[in-house]
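Colleague: Mind having a look at this structure? Questions to follow.
The values are calculated or read from the model by the stated rules, or taken from the named source; none is laboratory data. This is a predicted model, so every value here is computed, not measured. Using ideal geometry, Cβ is built from the backbone for each residue, glycine included, and neighbour counts are taken over all protein chains shown. SASA here: full protein model, heavy atoms, side chains in, ligands and nucleic acids out. Shrake-Rupley method; radii C 1.70, N 1.55, O 1.52, S 1.80 Å.
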Amino acid sequence: MGAGTTLLTAITGYLSTDIDDSSDDGERAAADERADPDPIIVDRIAPDPSLVWVDDEPADGQHEFSAEIYNAGTPGTVGMTLLWLDDPETASNGEPARRRERFFEANEREELSVTALIPEEYGAYDLQLWVAEFGVEIENDGAGGRIAVTLVEEERTVDETELTIDAGETVSLSFDGEYTDVDPAALDLEARPVS
């Protein structure tokens, strides 16, 4: 009787261990199915222009507005827009007048200029810089799935796209457009899984 009890206990222990193992495997499989992508931005690829100096010279009844621009970022197209202002304090509400753009190499310093007549109704001007492309490299440390990548200025969404990314994959993505109403230095990127 004692031997039979010992044998039953041993078999019960063996069977219960198998059941526990299969339960753990099932939980792991379910967790894997529920796992989301974990996108991490590893690199930004964009020009980073800044004004070195600005000048305004009369030229044949018009004015030539010039600026030396330095690109501290990657190669790309940089633009400059002349804005007419009612008041120097309201640069964000300026009226676009003329613009120029050119391709800048990394660490290149170059002058851009525009010529225009100054309308009587405006008392000031501004030269606003912009970029035409903004790239990003994203690495996925999670499971495969859909992610959203957003180009933002402070808390305002400038552009957004969605894509599918595999587990462990690194992808490059480019936002192409004339981002003329944003400060290139203030642009940032966010990546998140899409439910």
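Colleague: Considering only residues that are open to solvent by less than 20 Å² (accessible area, probe 1.4 Å) and touching a Gly at 6+ places or on another chain (Cβ under 8 Å), which ones fall in the range 112-128?
Modeller: Result: no residue meets the conditions.
Colleague: Here is a check on your reading of the model: is residue 64 in a strand (DSSP E or B), over 26 Å from residue 177 (Cα atoms) and open to solvent by 10 Å² or more (accessible area, probe 1.4 Å)?
Modeller: Yes: the conditions hold for residue 64.
Colleague: Collect the residues in the range 150-159 that are loosely packed, with under 13 Cβ neighbours inside 10 Å and under 22 Å from residue 79 (Cβ atoms), keeping them in residue-number order.
Modeller: Across the range 150-159, the qualifying residues are 154, 156, 157.
Colleague: Same structure again: Does residue 50 satisfy the criteria of being over 29 Å from the mean Cα position of the chain (by Cα), touching a residue at least 12 places away in the same chain (Cβ under 8 Å) and in a strand (DSSP E or B)?
Modeller: Considered against the rule, which asks whether it is over 29 Å from the mean Cα position of the chain (by Cα), touching a residue at least 12 places away in the same chain (Cβ under 8 Å) and in a strand (DSSP E or B), residue 50 comes out as no.
Let's see how each residue does on (1) exposed (fewer than 15 other Cβ atoms within 10 Å of the Cβ); (2) at pLDDT below 90; (3) part of a loop (DSSP other than H, G, I, E, B):
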{"site": "92", "(1), (2), (3)": "yes, yes, no"}
{"site": "110", "(1), (2), (3)": "no, no, no"}
{"site": "167", "(1), (2), (3)": "yes, no, yes"}
{"site": "176", "(1), (2), (3)": "yes, yes, no"}
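Colleague: Scan the range 37-44 and give yes if some residue there is within 21 Å of the chain's Cα centre (by Cα), open to solvent by 40 Å² or more (accessible area, probe 1.4 Å) and either modelled with pLDDT under 90 or basic (Lys, Arg) (or both), otherwise no.
Modeller: Checked against the condition, which is being within 21 Å of the chain's Cα centre (by Cα), open to solvent by 40 Å² or more (accessible area, probe 1.4 Å) and either modelled with pLDDT under 90 or basic (Lys, Arg) (or both), the range 37-44 yields at least one hit.
Colleague: Name the pairs whose Cβ atoms lie under 7 Å apart, with the first residue in the range 145-161 and in a loop (DSSP other than H, G, I, E, B), the second modelled with pLDDT under 95 and surrounded by fewer than 13 Cβ atoms within 10 Å (Cβ to Cβ), and 6 or more positions between them or separate chains?
Modeller: Going by the 7 Å Cβ cut-off, the qualifying pairs are 154/186.
Colleague: From 73, 79, which residue is outside any strand (DSSP E or B), in contact with a Lys or Arg (Cβ under 9 Å, 6 or more places away or on another chain) and either among the hydroxyl-bearing types (Ser, Thr, Tyr) or open to solvent by less than 50 Å² (accessible area, probe 1.4 Å) (or both)?
Modeller: 73
Colleague: Continuing with the same structure: Taking the conditions exactly as written (charged (D, E, K, R) and more than 21 Å from residue 76 (Cα to Cα)), does residue 87 satisfy them or not?
Modeller: Here the answer is yes, as residue 87 does meet what is asked.
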